[in-house]
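Engineer: Shown below is the structure under consideration.
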Amino acid sequence: MAGALDGVMVLEVADYITGPYAGQFLADMGAEVVKIEKRPNGDPFRGFGRDTSNVGYDTTFVALNRNKKSLTLNLAAPEGQEIFLKLAREATVIIENHRPGQMKRWGLDYETIQSMNPGIVYCSISGFGQDGPYRDLPGYDTLGVAMGGLLSFLTDMEDPVPSRFTFADPLTGVYAAYGILGALYARATTGRGQRVETSLLQTIACFVGIPATRYLMTGQLPPREAERPNLASAFVAGDGKPLVFHLSSPPKFWEGLTDAIGRPELKEDPRFARRVDRIKNYDALHQICQDVFATAPRQHWIDELRRHDVPAGPLYDMAEVFADPQIQHHGTAVEMDHPQMGRVRVSANAVNLRGTPIRYESAPPVLGEHTEEILARYGYDAPRIKELAEAGIV
């Protein structure tokens, strides 16, 4: 079956996470995504060092680049820029995540491309935005998470530590893909393309929209206990395995918890009688639950909590995630074959499109795998391609 974006050609001039993640979403939906990579090493994540057995095919790169074609191209050289402009005349989308101004210095900026291809959807991703006082600063995930406000909810502000997980980079890729899809819909109805912009800082400030709106509406920062309105908590069971619950607001979940742990008298305890009391006395409630959960294995408590309809589940590591029957039911571990690199296993796209299915047609490319194929399409014969390769252009 055709993909939702069949016929869409994307030029991905992007490395690391944000741009490649956005490009992969479009590729999964059927777009032809041509990843432009510089010689000799390509996207830096090809050799990030986590998998030294496959040089140039590290697991981080593999996670972000399925369903794409790789074209090596030196955009700093006039001949490379000329080739790019040939492709751009026929492209539908361009994704770039260089520092603001770099594409213009190469003569490959939105205005130049739009003058020859009015329908182009040109997405620029940066650390802080295409203009403003921080425009030229280097932007990385930690800065976006910290300066956008998310880290303040993930760490103790009096003894802070950075997040152990990358949030801003992949989320910015999601927002970029969202903006591109909106621009493609507008293009389908008006025939006109447009520039799409997002940044790590804007993404995180948007992502924390609920506490941000609370502050903007009241002018007040929430007290520490207000950060636990859903009484979400984590514990370690008697077998050393962690679990979580999330009580949310319906009283039935609180009542179910007290019955599941064999402490029905807690319903009448003045410390926990009302939801506001449970939030205020969160630490005391947590200790009571921890003492109970420590008396039996995790699965015992998961079964009891679910029997009483309490939102609860195990806190998994990666191995446990992919052994879980619900994850297996969804087919979340996807396998593809690459003619050189062998079997590739990745985590699936989170979206199901029943009429135009998400595709997993090709494993991530090796560096320059499709250079000859793409250049031949634009009139370059084998001798000329060899000349360009010897000159370091492709």
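Engineer: Sticking with the crude label model, points 7 Å out along Cα→Cβ, report the distance from Asp317 to Val334 in nm, one decimal please.
Structural biologist: With each label placed 7 Å out from Cα toward Cβ, I get 2.7 nm.
Engineer: Let me check against my output: what whole-number percent is the relative contact order of the chain, with C-alpha pairs under 8 Å and at least 6 apart?
Structural biologist: Relative contact order, the chain: 20 percent.
Engineer: At what distance in nm do the modelled label points of Thr356 and Gln290 sit from each other, each positioned 7 Å from its Cα along Cα→Cβ?
Structural biologist: About 5.1 nm, to one decimal.
Engineer: Starting from the range 153-245, pick out the GluC sites (Glu not before Pro) whose DSSP state is loop and whose Cβ has at most 13 other Cβ atoms within 10 Å.
Structural biologist: Passing sites in the range 153-245 are Glu158.
Engineer: Sum up the charges of everything whose Cβ sits under 12 Å from the Cβ of Asp381, counting Lys and Arg as +1 and Asp and Glu as -1, but leave Asp381 out.
Structural biologist: That sum, taken over residues with Cβ under 12 Å, equals +1.
Engineer: Could you please report the charge total around Arg307, scoring K, R as +1 and D, E as -1 over all other residues with beta-carbon less than 14 angstrom from its beta-carbon?
Structural biologist: -3
Engineer: Stretch Ala234-Lys104 to full length: gain in nm at 0.36 nm per residue minus the Cα-Cα span?
Structural biologist: Numbers: separation 130, 0.36 × 130 = 46.80 nm, distance 4.95 nm.
Computed gain between Ala234 and Lys104 is 41.9 nm.
Engineer: Once R0 is set to 56 Å, what does the formula 1/(1 + (r/R0)^6) return for the Cβ-Cβ distance between Glu90 and Ser248, expressed as a FRET efficiency to the nearest 0.05? Please report the intermediate quantities before stating the final value.
Structural biologist: Details: r = 51 Å, r/R0 = 0.90.
That gives a FRET efficiency of 0.65.
Engineer: I need the shape label for the range 225-318. Rule: rounded when a/c is under 1.5, else prolate if a/b > b/c, else oblate, with a, b, c from the alpha carbon gyration tensor.
Structural biologist: prolate
Engineer: Under 5 Å between amide hydrogens, which residues at least 5 positions from Cys123 or on another chain qualify, with H placed 1.01 Å from N in the peptide plane?
Structural biologist: Placed amide hydrogens put Ile94, Ile95, Glu96, Val196 under 5 Å from Cys123.
Engineer: A further question on this structure: Test of understanding: ordering Tyr185, Tyr140, Tyr175 by Cβ neighbours within 10 Å, fewest first, what list do you get? Present the calculation step by step, with values, prior to reporting the outcome.
Structural biologist: Working: Tyr185 10, Tyr140 13, Tyr175 22.
Least crowded to most crowded, the residues run Tyr185, Tyr140, Tyr175.
Engineer: Any idea how many Lys pairs in the chain come in under 18 angstrom at the alpha carbon, given 8 or more places apart or on separate chains?
Structural biologist: Going through the chain pair by pair, I get 12.
Engineer: Continuing with the same structure: For Val33, what residues show an amide H to amide H distance below 5 Å, using hydrogens built from the backbone and excluding near sequence neighbours?
Structural biologist: Hits under the 5 Å cutoff: Val10, Lys69.
Engineer: In whole Hz, with x marking every Gly and Pro, tabulate ³J(HN,Hα) for the range 181-197 from phi via Karplus 6.51 cos²θ - 1.76 cosθ + 1.60, θ = phi - 60°.
Structural biologist: 5, x, 5, 5, 5, 4, 4, 5, 9, 10, x, 9, x, 6, 8, 10, 10
Engineer: Here's a follow-up. Is the shape of the range 246-394 rounded, prolate or oblate, going by the alpha carbon gyration tensor and its root eigenvalues a ≥ b ≥ c, with a/c under 1.5 for rounded and a/b larger than b/c for prolate?
Structural biologist: Prolate, because a/c is 1.5 or more and a/b exceeds b/c.
Engineer: Note down the net charge around Ser124, summing +1 for each Lys or Arg and -1 for each Asp or Glu among other residues with Cβ under 13 Å from its Cβ.
Structural biologist: -2
Engineer: Using Cβ counts within 10 Å as a stand-in for footprinting exposure, how do Cys123, Cys289 rank, fewest first?
Structural biologist: Lowest count first: Cys289, Cys123.
Engineer: Helix 209-218 sits at what angle to the longest principal axis of the chain, using alpha carbons and giving 0 to 90 degrees rounded to 10?
Structural biologist: The two axes meet at around 70 degrees.
Engineer: Once amide H atoms are placed 1.01 Å from N in the peptide plane, what residues at a sequence separation of 5 or more from Asp15, or on another chain, have their amide H within under 5 Å of its amide H?
Structural biologist: Under 5 Å from the amide H of Asp15: Asn97.
Engineer: If you don't mind, another one. On a full-extension model of 0.36 nm per residue, what is the gain between Ser163 and Arg345, subtracting their alpha-carbon distance, rounded to one decimal in nm?
Structural biologist: 62.9 nm
Engineer: Moving on. Relative contact order for the range 225-318: what is it in percent, counting Cα pairs under 8 Å that are at least 6 residues apart? Present the calculation step by step, with values, prior to reporting the outcome.
Structural biologist: Working: 142 pairs, mean separation 39.5, N = 94.
The value is 42 percent.
Engineer: Now, a different point. Multiply the residue gap between Glu111 and Arg39 by 0.36 nm, knock off their C-alpha separation, and tell me the result in nm, one decimal place.
Structural biologist: The Glu111-Arg39 span can extend by a further 23.3 nm.
Engineer: OK, next. May I ask for the distance between the Cα centers of the range 198-272 and the range 64-121, given as a whole number of Å?
Structural biologist: Rounded to whole Å, the Cα centres lie 46 Å apart.
Engineer: Now, a different point. Are there any GluC sites (Glu not before Pro) in the range 346-394 that are in a DSSP loop and have at most 11 other Cβ atoms within 10 Å? List them by number.
Structural biologist: Answer by residue number: Glu361.
Any read-out appearing in this document is the output of simple, stated calculations on the displayed coordinates, not a laboratory observation. Since this is a predicted model, take the numbers as computed values, not measurements. Backbone-built Cβ (ideal geometry, glycine too); neighbour counts: all protein chains shown.
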